[in-house]
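The values are calculated or read from the model by the stated rules, or taken from the named source; none is laboratory data. Note that the structure is predicted; figures quoted are calculated from it, not measured. Quick reminder, even Gly has a Cβ in these numbers, built from the backbone with ideal geometry, and neighbours come from all protein chains shown. Note: areas computed on protein heavy atoms with side chains; ligands, DNA, RNA excluded. Shrake-Rupley method; radii C 1.70, N 1.55, O 1.52, S 1.80 Å.
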2 protein chains.
Amino acid sequence: MAPATSVPFLDAARGQPAAHTPVWFMRQAGRSLPEYRAVRGEGSILDAIKRPDDAAELTLQPVRRYGVDAAVLYSDIVVPAHAVGFGIDVAPGTGPVAPEPFRDHTDLHRLREFEPEADTPYVLDTVRTLARELPANVPLLAFAGAPFTVASYLVEGRPSRTYEHTKRMMHTVPALWHALMERLTQHAVASIGSQLRNGARAFQLFDSWAGNLSRADYDQFVFPHSQAVFTQLREQFPDTPGIHFGIGCDHLLERMYAAGPTVLGLDWRTPISEARRRMGADLVVQGNLDPALVLAGTEVALEGARAVLADNTLADGSRHPGHIFNLGHGVNPSTNPDVLHAVVDLVQKATTR
Amino acid sequence: MAPATSVPFLDAARGQPAAHTPVWFMRQAGRSLPEYRAVRGEGSILDAIKRPDDAAELTLQPVRRYGVDAAVLYSDIVVPAHAVGFGIDVAPGTGPVAPEPFRDHTDLHRLREFEPEADTPYVLDTVRTLARELPANVPLLAFAGAPFTVASYLVEGRPSRTYEHTKRMMHTVPALWHALMERLTQHAVASIGSQLRNGARAFQLFDSWAGNLSRADYDQFVFPHSQAVFTQLREQFPDTPGIHFGIGCDHLLERMYAAGPTVLGLDWRTPISEARRRMGADLVVQGNLDPALVLAGTEVALEGARAVLADNTLADGSRHPGHIFNLGHGVNPSTNPDVLHAVVDLVQKATTR
């Protein structure tokens with residue numbers, strides 16, 4: 001066994017040999033867990049986030065049940081925009097909904113700078129509780145939505161398939177678009193920074209829907225802002241690993257990596273070995289079991305998990321140290337927790353040094 | 001002007017210099033056109049397809065209005081499965097719905113071989129009418145759903161985000177999966193073959209949702225069957241160009257090209273120049289203007305169209321002959337037809353030799 005001070009998640013995030021390949025799951029705190037549903041009840045996630053005891057408990061549940069190597073703050077990417085009074089909520093079963101979407105310059109006034117200590121003291125209460133209660137080898141991950149994905153919710157007013165209004169704004173009023181993105185850059189940096197100052201030890205920037213953009217649009221309208229998030233956080237927290245993740249972003253991976261993360265999150269589409277071929281043999285990756293395979297039962301899930309581990313194997317048969325095991329997307333609400341538990345056990349046991 | 005016998009679509013599909021870069025739009029016959037809505041009314045698309053006069057008229061409308069360089073048969077990818085009595089319909093506003101999805105071996109009996117002349121004589125009536133009525137320089141494109149995308153509708157029973165049941169079948173009962181795919185390969189080959197024998201002059205195989213698969217799953221469970229479609233059609237119709245298209249398939253493009261198409265369809269995510277860098281300088285491509293840019297008005301749409309044309313430019317400033325202009329996905333129903341018309345004019349005029 002590794003010494004008690006070993007933190008597998010942080011070791012792997014830095015590309016250093018860890019006691020075992022760390023594993024956690026996006027949306028590991030969620031409706032797939034009966035203990036989650038018992039605490040959470042119905043209603044908006046934003047209300048649950050405002051109750052530090054509940055938010056801390058929901059964050060801890062998957063750590064207790066699965067023995068995962070990281071906890072991710074129970075939160076939502078629209079928390080800062082909601083907290084500054086933009087007028088956005090999360091409708092159960094639908095997702096973020098803004099009755100008055102962001103469409104012109106006057107809407108900037110509804111989106112002032114985010115001051116986490118004043119605007120979301122309950123979030124920082126939760127973070128401090130978790131920093132106290134989590135085992136020393138299970139770091140808390142801060143998180144925030146990337147400027148593009150948050151902007152898409154503000155501009156569309158609801159989940160979208162076409163990103164019609166967002167893309168129109170980029171191309172017809174680029175100055176307004178960039179002003180919006182700069183404001184959301186401040187939100188992301190302030191949000192993650194405040195979580196890190198209160199006890200989180202790494203962070204993930206979620207640009208979940210960036211994959212809907214062409215590379216040209218990403219480069220022109222998104223990249224500079226996501227890069228600013230990573231640059232500013234690196235200046236403030238030079239040793240803190242940051243993960244950059246999106247769905248269906250195979251065509252953007254080089255650019256998302258160039259934005260400055262320590263770790264590149266992969267969905268299940270891009271093989272780990274292919275990502276290293278494209279972005280360098282030292283690339284530290286997070287991922288990337290298809291969450292649909294977890295729905296197919298333990299046998300299929302474990303077969304898939306073994307394939308992910310094999311994909312992280314070097315030519316000499318050893319495993320690459322720079323790998324954090326995860327699904328390629330959030331846990332589906334209908335997932336059987338026992339299957340996820342079996343995946344955690346397999347990953348940790350198969351990779352223990 | 002080029003001689004009257006020039007067919008820009010077929011020239012470009014073969015990588016030969018065309019009178020101009022040909023242009024057509026996926027779903028160019030659709031709800032974006034008022035004349036479409038007038039003919040089509042409400043009800044299932046499958047009923048409209050059974051009326052050859054209406055189906056031919058709907059196919060011709062965008063040719064008349066826009067002067068596009070190809071007509072695509074007004075049809076739907078579930079037509080063969082519906083015609084053999086599987087029990088699938090297209091619900092307006094939802095998409096394909098199968099009340100009893102394909103889940104086990106007994107369901108194979110509901111999916112017998114497809115005999116186009118006997119099962120869908122109305123489709124071939126439509127094709128023959130179009131072959132007579134279309135201008136000589138505007139070929140009719142045959143089309144069919146690729147085995148995977150059709151299978152996903154049969155197995156899920158409705159449009160899906162996770163492809164949970166489909167992926168489970170692949171991994172838990174692979175023999176059943178492959179039997180289903182072999183049957184759907186026969187459907188696709190028979191459907192496209194019958195359209196080609198009755199007057200269509202090229203074809204497109206739509207694997208719209210293949211992009212949801214990991215490369216490993218695509219290779220193991222889909223590639224052999226899509227390759228069989230192209231191989232069998234090439235044996236029967238050696239000079240007929242075939243296009244292979246899917247959404248969000250950046251990570252699969254090498255494999256989709258290896259399946260054997262003449263032309264690789266690109267959605268808006270992958271730059272044309274990047275596709276040629278990956279798959280060869282001679283690659284013939286179709287695409288790839290983001291349909292969301294067409295929703296943003298004429299100016300943005302034309303700017304986007306010029307960028308697509310520029311992306312098809314060779315180092316010496318000349319344009320690559322192997323390019324068929326299209327959107328990167330189907331026309332959105334809320335599209336303004338005048339914007340599409342302006343795109344057609346721009347592409348044809350800017351590229352006329």
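Of all residues being within 10 Å of chain B (Cβ to nearest Cβ) and open to solvent by 20 Å² or more (accessible area, probe 1.4 Å) in region A:296-306, which is farthest from B:Thr172 (Cα to Cα)? Just the residue, please. Show your work before the answer.
We begin by selecting, within region A:296-306, every residue within 10 Å of chain B (Cβ to nearest Cβ); these are A:296-297, A:299-301, A:303-304.
Keeping just the survivors that are open to solvent by 20 Å² or more (accessible area, probe 1.4 Å) gives A:297, A:299, A:303.
Details: A:Gly297: 9, A:Glu299: 9, A:Glu303: 11 Å.
Across region A:296-306, the extreme among qualifying residues is A:Glu303.
On the basis of being within 14 Å of chain B (Cβ to nearest Cβ), at positive phi and not hydrophobic (A, V, I, L, M, F, W, C), does A:Gly260 make the cut? Lay out the reasoning, then the answer.
On the way: within 14 Å of chain B (Cβ to nearest Cβ): no; at positive phi: yes; not hydrophobic (A, V, I, L, M, F, W, C): yes.
So A:Gly260 does not fit the description; no.
Filtered by the rule that a residue be of a type outside the set (Ser, Thr, Tyr), under 20 Å from the mean Cα position of the chain (by Cα) and within 9 Å of another protein chain (Cβ to nearest Cβ), region A:268-281 gives A:Trp268, A:Arg269, A:Pro271. Against the test of being in contact with a strand residue (DSSP E or B) (Cβ under 8 Å, 6 or more places away or on another chain), buried (at least 19 other Cβ atoms within 10 Å of the Cβ) and either away from chain A (no Cβ under 11 Å) or of a type in the set (Val, Ile, Thr) (or both), the options B:Arg201, B:Arg183, B:Arg234 yield a single qualifying residue, B:Arg201. For the residues B:Val123, B:Val79, the requirement of being more than 30 Å from B:Ser6 (Cα to Cα), touching a residue at least 12 places away in the same chain (Cβ under 8 Å) and within 17 Å of the chain's Cα centre (by Cα) singles out B:Val79.
For region A:149-164: of the residues being under 13 Å from A:Trp209 (Cβ atoms) and more than 14 Å from every other protein chain (Cβ to nearest Cβ), which is surrounded by the fewest Cβ atoms within 10 Å (Cβ to Cβ)? Per the criteria, the residue is A:Arg158. Applying the criterion of at least 1 residues that are over 29 Å from A:Pro238 (Cβ atoms) and in contact with a Pro (Cβ under 8 Å, 6 or more places away or on another chain) to the helices (runs of 4 or more DSSP H) found wholly in region A:145-208 leaves A:147-156, A:164-172. Are any residues in region B:96-111 surrounded by fewer than 14 Cβ atoms within 10 Å (Cβ to Cβ) and either more than 19 Å from B:His178 (Cα to Cα) or among the charged types (D, E, K, R) (or both), and if so, which ones? If the condition is that a residue be surrounded by fewer than 14 Cβ atoms within 10 Å (Cβ to Cβ) and either more than 19 Å from B:His178 (Cα to Cα) or among the charged types (D, E, K, R) (or both), then B:Pro99, B:Glu100, B:Asp104 are the ones that fit.
Checked against (1) part of a helix (DSSP H, G or I); (2) under 17 Å from A:Phe148 (Cα atoms); (3) not acidic (Asp, Glu), A:Arg278 meets all criteria but (2). With respect to being more than 29 Å from A:Phe221 (Cα to Cα) and either outside any helix (DSSP H, G or I) or touching a Cys at 6+ places or on another chain (Cβ under 9 Å) (or both), A:Val63 falls outside the description.
Looking at region A:121-144, is at least one residue under 22 Å from A:Trp177 (Cα atoms), of a type outside the set (S, T, N, Q) and buried (at least 24 other Cβ atoms within 10 Å of the Cβ)? There is at least one residue in region A:121-144 that is under 22 Å from A:Trp177 (Cα atoms), of a type outside the set (S, T, N, Q) and buried (at least 24 other Cβ atoms within 10 Å of the Cβ). Inside region A:261-271, residues that are open to solvent by less than 20 Å² (accessible area, probe 1.4 Å) and within 16 Å of A:Arg234 (Cα to Cα) make up a count of 3. Restricting region A:91-123 to residues that are in contact with an Asp or Glu (Cβ under 7 Å, 6 or more places away or on another chain) and at pLDDT 95 or above leaves a set whose member that is farthest from A:Gly145 (Cα to Cα) is A:Pro101. The set of residues in region A:311-353 being within 14 Å of another protein chain (Cβ to nearest Cβ), assigned to a helix (DSSP H, G or I) and closer than 20 Å to A:Asp11 by Cα consists of A:Asp311 alone.
Here A:Ser226 passes the criteria (1) open to solvent by 30 Å² or more (accessible area, probe 1.4 Å); (2) part of a helix (DSSP H, G or I) except the one numbered (1). Within region A:183-202, one or more residues are farther than 25 Å from A:Gln286 by Cβ and not aromatic (Phe, Trp, Tyr). With the condition kept exactly as written, say whether any residue in region B:315-328 is open to solvent by less than 10 Å² (accessible area, probe 1.4 Å) and among the aliphatic types (A, V, I, L, M). Yes - at least one qualifying residue is present in region B:315-328. Here B:Val284 meets each of (1) open to solvent by 30 Å² or more (accessible area, probe 1.4 Å); (2) more than 9 Å from every other protein chain (Cβ to nearest Cβ) with one exception, condition (1).
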